[in-house]
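Here the structure comes first, spelled out in structure tokens, and everything after it is commentary.
The values are calculated or read from the model by the stated rules, or taken from the named source; none is laboratory data. Note that the coordinates shown come from a computational prediction; the quantities given were computed from them, not determined experimentally. All Cβ positions, glycine included, derive from the backbone under ideal geometry; neighbour counts span all protein chains shown. Each accessible area value is taken on the protein alone, full model and side chains, heavy atoms only, with ligands, DNA and RNA left out. Shrake-Rupley method; radii C 1.70, N 1.55, O 1.52, S 1.80 Å.
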Amino acid sequence: MKKVLLTFAFAASIISCSNNNVTNTVAPSTYKFERNGTSSVSFGGQTTRIKMGAEFLSALRNTSETVATLNAKFAHSAGDNNFSDADLNASSKNIRSKVAASTDFYSANTTDATAIKTQFDSWIEAQVNNVFPNWEIDASAGVAGKIQQAGGGSVRYVNKKGVEYNQLIAKSLIGGLMVDQILNNYLSTAVLDAGTNIADNNGDVLLSGKNYTSMEHKWDEAFGYLYGNEADVTAPTYDADKFLNEYLGKVKGNANFKGIDVVVYNAFKLGRAAITEKDYNTRDAQAAILKENISTVIAVRGIYYLQNGKLKLTSDKAAAFHALSEALGFVYSLQFTRKPNSTESYFTKAEVDGFMTKLQVGNGFWDITEATIDEVSNAIAAKFNFTTEQAGI
């Protein structure tokens, strides 16, 4: 894997040199960009949605919530009192409107976009109507309820197939919101170069009342979905939220993917610097690096949780179901990944739907076999340059 990452970095350099003859762009040491002595970086909208997402996920385990109150958090309207944070209540932004909403994948594919939003709605409704009423009932095959991990561990609340909806929704949002918005929207040339963006960026024409060009801001918005809740984006900790930020941190801890966090961060800051320098070949090369590596994070964690669940199936079903629920969310997120220098995802919606059905057939996790888990794991790994064993550590 390390060789793959280095190969991409080298390729990016070659692409830039071959198109411009001389590569002028030099990345700064951190993601810090200024104009006229003040920061030109802005991603407040992304931070807001990450914080809304955190409160929404917590609410999914609160049995006093209803379908209406959870939907209100998911599809918040400005001024509604849905959150504990007054700034979030005042915001006109919400989560649902940005799920499966990228320019490249969904602006002309409203069928899939609607189906995906409806899927999230159905999971929320099922948590309230199927799991909350059985909160104090022991779960079993075909019966929703609670199941405790071995040794007096955490109690998990699952549906009749053993799926924790809160975990499924949380990990699916990583793909449906963060990955789709980063890879298929803000890093898209259709968005970066929209309208007069190139001419305006070339002429340092700033957005009205702002300290950045439109193209700079689009790149920052992509950055914000990954780093937007970090206290200091010049020194990311990778424990700033429970979404993509945390799981890039998890993958960098796997020795087979060591350094992936640095590759991603460096691509973000070199791409942003390239926009400032009007060096669009270097910008696009960095976008390709980000598409490959962020997609890799989703695939690695999906396989990791599948394999982790497999190992615990006979010894601790609650722990196994928890891991497999997380895996299910990452599997769902695969449809939002993006092959570099391509218009395609690594997996189609149909392929992902097939995985989801296979993993939940019959009594779901109560009956799932090791062979099924390995089959899905190997199918995911086959589209990347790593093995199930490398990801499953």
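Here the stretch 367-391 is the region considered, the condition is being in contact (Cβ under 8 Å) with a residue 40 or more places away in the chain and open to solvent by 50 Å² or more (accessible area, probe 1.4 Å), and the residue that is farthest from Glu326 (Cα to Cα) is Asn385. Please indicate, with yes or no, whether at least one residue in the stretch 75-89 is in a helix (DSSP H, G or I) and under 26 Å from Ser325 (Cα atoms). No, because not a single residue in the stretch 75-89 is in a helix (DSSP H, G or I) and under 26 Å from Ser325 (Cα atoms).
Residues in the stretch 294-316 that are part of a loop (DSSP other than H, G, I, E, B) and under 18 Å from Thr372 (Cβ atoms) were compared, and the one that is most open to solvent (accessible area, probe 1.4 Å) is Thr314. Here is the figure for the stretch 41-62: residues that are out of contact with any strand residue (DSSP E or B) (no Cβ under 9 Å at 6 or more places or on another chain) and outside any helix (DSSP H, G or I) total 4. If you check Leu206, Leu177 for being surrounded by 23 or more Cβ atoms within 10 Å (Cβ to Cβ) and hydrophobic (A, V, I, L, M, F, W, C), only one passes: Leu177. Report yes if some residue within the stretch 139-158 is modelled with pLDDT of 95 or more, within 19 Å of Ser333 (Cβ to Cβ) and part of a loop (DSSP other than H, G, I, E, B); otherwise report no. For the stretch 139-158, residues modelled with pLDDT of 95 or more, within 19 Å of Ser333 (Cβ to Cβ) and part of a loop (DSSP other than H, G, I, E, B): absent. Only one entry of Asn256, Asn201 meets the criterion of being open to solvent by 10 Å² or more (accessible area, probe 1.4 Å), among the polar types (S, T, N, Q) and either at pLDDT 95 or above or assigned to a loop (DSSP other than H, G, I, E, B) (or both), and that entry is Asn256.
Go through the residues of the stretch 130-138 one by one and say whether even a single one is under 27 Å from the mean Cα position of the chain (by Cα) and in a loop (DSSP other than H, G, I, E, B). So far as the stretch 130-138 goes, no, none of its residues is under 27 Å from the mean Cα position of the chain (by Cα) and in a loop (DSSP other than H, G, I, E, B). Can you work out which of the residues in the stretch 209-220 that are touching a Ser or Thr at 6+ places or on another chain (Cβ under 8 Å) and either within 18 Å of Ile50 (Cβ to Cβ) or hydrophobic (A, V, I, L, M, F, W, C) (or both) is surrounded by the most Cβ atoms within 10 Å (Cβ to Cβ)? Of everything passing the filter in the stretch 209-220, Asp220 is surrounded by the most Cβ atoms within 10 Å (Cβ to Cβ). For the stretch 117-153, give me each residue that is without any contact (Cβ under 8 Å) to a residue 40 or more places away in the chain, open to solvent by 30 Å² or more (accessible area, probe 1.4 Å) and either of a type in the set (Asp, Glu) or in contact with an Asp or Glu (Cβ under 7 Å, 6 or more places away or on another chain) (or both). Those that are without any contact (Cβ under 8 Å) to a residue 40 or more places away in the chain, open to solvent by 30 Å² or more (accessible area, probe 1.4 Å) and either of a type in the set (Asp, Glu) or in contact with an Asp or Glu (Cβ under 7 Å, 6 or more places away or on another chain) (or both): Glu136, Asp138, Lys146. Flag: Ala170 matches the condition of being surrounded by fewer than 23 Cβ atoms within 10 Å (Cβ to Cβ) and either at pLDDT below 95 or in a helix (DSSP H, G or I) (or both). It is to be established whether one or more residues within the stretch 338-354 are touching a residue at least 12 places away in the same chain (Cβ under 8 Å), over 29 Å from Asp284 (Cβ atoms), crowded, with 20+ Cβ neighbours inside 10 Å and of a type in the set (S, T, N, Q). No, the stretch 338-354 contains no residue that is touching a residue at least 12 places away in the same chain (Cβ under 8 Å), over 29 Å from Asp284 (Cβ atoms), crowded, with 20+ Cβ neighbours inside 10 Å and of a type in the set (S, T, N, Q).
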